[in-house]
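Report on one structure; see the data block that follows.
The values are calculated or read from the model by the stated rules, or taken from the named source; none is laboratory data. The model shown is predicted, which means the values in this text are computed figures rather than measured ones. Methodologically, a virtual Cβ is constructed for each residue, glycine included, from the backbone with ideal geometry; neighbour enumeration extends over all protein chains shown. Heads up: the accessible areas ignore ligands, DNA and RNA and are worked out on the full protein's heavy atoms, side chains in. Shrake-Rupley method; radii C 1.70, N 1.55, O 1.52, S 1.80 Å.
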Amino acid sequence: MSSASPAKPLPLAGITVIEFCHTIMGPSCGLALADLGAEVVKVEPVEGDRTRRLGGFGLGFFSYYNRNKRSVAIDLKSTEGRKVVERLVAKADAMIENFAPGTLDKMGYGYEAMARINPRLIYCAMKGFLAGPYENRPALDEVVQYMGGLAYMTGPPGRPLRAGAPVVDILGGTFGALAILAALQ
């Protein structure tokens, strides 16, 4: 007879993360935290995350990058929706978002507003560009691959080619998760 020992809890058991994310970079950050045991609550628009409707090569993106999470559809512009978000944020340890610069600020869900609700909240905003001339521009993985030079290292000489996987988005999400882990410590 073997004596089975009880399973150890995952490292982030008891940590709650609210995710305002779409496509790949933000969801990959939430995925890493969920896989480590955090309860990740994905806030989606009422019509659902647009990644749910991708076809072709993007068909499996939503299910892959959003496994181990809970989803809730909220009308962020309604009074009722705002109250739900405030209740979620009040109990959360971290919040992640990857919308275009300023989007959540304009809606009243930026860092300052969320920190008033929960002063201990770790707020991770993942953007395509750092401070500088491009900081307010939205970014796509392949654009950053070309601008950063990765596509020039991937393709044959003189013919840049984007890497097959969204490596910039995945690494951005990974570094976001790493930053949240450091802040939790």
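At 1.4 Å probe size, put Lys127, Lys42, Lys83, Lys69 in order of accessible surface, largest to smallest.
Lys83, Lys127, Lys69, Lys42
Based on the alpha carbons, how large is the Rg to Rh ratio for the chain when Rh follows Kirkwood?
Rounded to two decimals, Rg over Rh is 1.02.
Rolling a 1.4 Å sphere over the protein heavy atoms, what is the accessible area per residue of the chain, to the nearest Å²?
Using a 1.4 Å probe on heavy atoms only, each residue of the chain averages 59 Å².
Of Met95, Val84, Met107, which is farthest towards the positive pole of the stretch 66-148's charge dipole, taken about the Cα centre with +1 and -1 on the beta-carbons of Lys, Arg and Asp, Glu respectively?
Val84
What does the extension gain come out to for Asp105 and Leu184, with contour length at 0.36 nm per residue minus their alpha carbon separation?
This chain segment gains 26.1 nm when fully extended.
List, in order, the whole-Hz ³J(HN,Hα) value for each residue of the stretch 64-78 obtained from phi through the Karplus relation with A = 6.51, B = -1.76, C = 1.60 and θ = phi - 60°; use x for Gly and Pro.
With coefficients 6.51, -1.76 and 1.60, one gets 6, 7, 10, 5, 6, 10, 9, 10, 9, 8, 9, 7, 5, 8, 8 Hz.
Starting from a Cα-only point model with no solvent, please compute log10 I(q)/I(0) by Debye for the stretch 1-77 at q = 0.13, 0.14 1/Å.
Computed log10 I(q)/I(0) values: -0.45, -0.50.
Using alpha carbon centroids, what distance separates the stretch 64-112 and the stretch 134-185, in Å?
24
Ordered by packing density, taken as the mean number of other Cβ atoms within 10 Å over each peptide's residues, highest first, how do 96-105, 44-53 rank?
96-105, 44-53
Relative to the Cα centre, what is the charge dipole magnitude of the chain, using +1 at the beta carbon of each Lys and Arg, -1 at the beta carbon of each Asp and Glu, and rounding to the nearest 20 debye?
Dipole of the chain, to the nearest 20 debye: 160 debye.
May I ask you to list, by number, the DSSP H helices of the chain whose Cα span along the axis is at least 20 Å and whose average Kyte-Doolittle hydropathy reaches 1.6 or more?
167-184
Of the heavy-atom accessible surface of the stretch 64-111 (probe 1.4 angstrom), what whole percent is carbon and sulfur?
It is 49 percent, rounded to a whole number.
Using θ = phi - 60° and the Karplus relation 6.51 cos²θ - 1.76 cosθ + 1.60, list the HN-Hα couplings for the stretch 5-12 in order, rounded to whole Hz, with x at every Gly or Pro.
Once rounded to whole Hz, the list reads 8, x, 5, 6, x, 5, x, 9.
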